[in-house]
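Asker: Here it is, the structure in full.
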Amino acid sequence: MIEDGTGATAAYTDAARARLVMAYVACELADLARAFVPIGEHELNPDRTNRSPGTVLADAVRVITAAQRFFDAAAVFERMSGADWQVVGDALEVSPCTARIRFAMAEAAFRELLSPERVPAADEAGRLRAYMAREPLEVALDLDDWVLRHEDGDSDLGTTPVSGSLVRRGLNDAPRRTADAPGSQCGGALRQEEGRTPPLRPPIWD
């Protein structure tokens, strides 16, 4: 938990911050995917084939990459909420060891970002991640605006669909720690279960 903040921002739990990351990545993913719905006036040849071969696949890779970041963010949120590797593995129908191998790097990177000893990021993506961890309320307010702009008119989300639901920890509450179920240790064996292991991808925080 980041301890150098003050007021409401400092009281956000690690789980709340992880859930905010999920929301942000979902926003990115939605924007990327919805760009595929309209067909541009100059996108197709007269015979309706692709005018720029390879561009659609390249753009699709960006969507898949964003979806993978969302996958990682979801696992980190589950872990920050107290789920052990058995729970994560059960949800994915893999062993606890496989689940740990798949998501341990993403979790470790997230925890490192929250550490008071974290090193300032040099790249733009790193600075954005640090900003999300340092100023969760500001990011949540921006996401409020995004949700309301894309509201379909039939939902009752209120005026703060993101920021209004972030959990904050009281000063006397201890931070939640994630417990690992017995038998979830991998013992350093990077073994995958054939046919059941999710593909290994770079975590969102790398």
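Asker: So between D142 and E117, what do we pick up on full extension, going 0.36 nm a residue minus the alpha carbon distance?
Answerer: Once the chain is fully extended between D142 and E117, it gains 6.3 nm.
Asker: Calculate, in nm to one decimal, what Y131 and A33 gain on full extension: separation in residues at 0.36 nm each, minus their alpha carbon distance.
Answerer: 32.8 nm
Asker: Can you list the HN-Hα couplings for the range 70-82, worked out from phi with the Karplus curve (6.51, -1.76, 1.60; θ = phi - 60°), rounded to whole Hz and with x for Gly and Pro?
Answerer: 5, 4, 4, 4, 5, 5, 4, 4, 4, 5, 5, 8, x
Asker: Something else about it: Residue by residue, what Karplus-based ³J(HN,Hα) values in Hz, rounded to whole numbers, does the range 103-115 have, using 6.51, -1.76 and 1.60 with θ = phi - 60° and x for Gly and Pro?
Answerer: Residue by residue, the range 103-115 yields 10, 4, 5, 5, 5, 4, 5, 5, 5, 5, 4, 7, 6 Hz.
Asker: Quick one: if the Förster radius is 45 Å, what FRET efficiency do S52 and D156 give, using the C-beta to C-beta distance and rounding to 0.05?
Answerer: 0.60
No lab work stands behind these numbers, since they all come straight from the coordinates. Computed from a predicted model, the values in this text were never measured in an experiment. For neighbour counting, all protein chains shown are included, and Cβ atoms are generated from backbone atoms with ideal geometry for every residue, glycine included.
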